[in-house]
Amino acid sequence: QVQLVESGGGLVQAGGSLTLSCAASGSIFSINVMGWYRRAPGKQRELVATIDSVGRRHYADSVKGRFTISRDNAKNMVFLQMNSLKPEDTAVYYCNLEQRGGAYWGQGTQVTVSS
């Protein structure tokens with residue numbers, strides 16, 4: 001059992017910045033991958049960024065150079081620093097954790113970027 005809770009979403013103007021946080025709790029193994037996904041209106045969920053237990057990162061091409069994913073293993077938290085936000089970044093952002101035994105999801109946090 002793993003629970004994930006996101007925070008930090010909100011409304012921001014294009015060009016602005018926002019930081020999302022996700023706190024994980026429960027039966028978390030030392031080897032895992034945490035990440036962020038998003039779902040825009042009328043679109044499928046897509047990968048934004050992932051980071052594994054030793055800090056290896058992967059980014060979607062659409063956010064590379066603008067977003068930074070990081071984690072705090074001691075606190076079981078993952079963060080997403082979003083800079084130079086664009087209206088097309090508007091979506092519900094979901095925190096994800098994958099480990100042996102399953103994948104887990106948060107409820108999501110809304111990010112709206114106005115033009």
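Annotations for the structure displayed:
- For the range 38-53, the Karplus equation 6.51 cos²θ - 1.76 cosθ + 1.60, evaluated at θ = phi - 60°, returns couplings of 9, 10, 8, x, x, 10, 6, 5, 10, 5, 9, 6, 9, 8, 8, 5 Hz by residue, with Gly and Pro reported as x.
- Rounded to the nearest Hz, the phi-derived 3J(HN,Hα) couplings of the range 10-22 under the Karplus curve 6.51 cos²θ - 1.76 cosθ + 1.60 (θ = phi - 60°) are x, 9, 9, 7, 3, x, x, 10, 7, 10, 9, 10, 9, where x marks glycine and proline.
- Its convex hull of Cα atoms gives the chain a direction-averaged projected area, equal to a quarter of the hull surface, of 6.6 nm².
- Extension gain for LYS86-ASP52 works out to 9.6 nm (0.36 nm per residue, less the C-alpha to C-alpha distance).
- Euclidean distance between Cα centres, the range 57-115 to the range 8-26, Å: 8 Å
- Our summary gives the chain a relative contact order of 36 percent, counting only alpha carbon pairs under 8 angstrom and 6 or more residues apart.
- Sulfur and carbon atoms: percent of accessible area, the chain [1.4 Å]: 48 percent
- Scanning residues 5 or more positions from THR19 or on other chains, those with amide H under 5 Å from its amide H are MET82, with H placed 1.01 Å from N in the peptide plane.
- Residues whose placed amide H lies under 5 Å from that of LEU85, excluding near-sequence neighbours: GLY15, GLY16
- Per residue, the chain exposes 54 Å² of solvent-accessible protein surface, assessed with a 1.4 angstrom probe and all protein chains in place.
- With R₀ fixed at 22 Å, the C-beta to C-beta distance from ALA103 to THR19 puts the FRET efficiency at about 0.40.
The values are calculated or read from the model by the stated rules, or taken from the named source; none is laboratory data. Small disclaimer: the values here were computed from a predicted structure and weren't measured. Reconstructed Cβ throughout: ideal geometry from the backbone, glycine too, with neighbour counts over all protein chains shown. Protein only, heavy atoms only, side chains kept; ligands, DNA and RNA dropped before computing areas. Shrake-Rupley method; radii C 1.70, N 1.55, O 1.52, S 1.80 Å.
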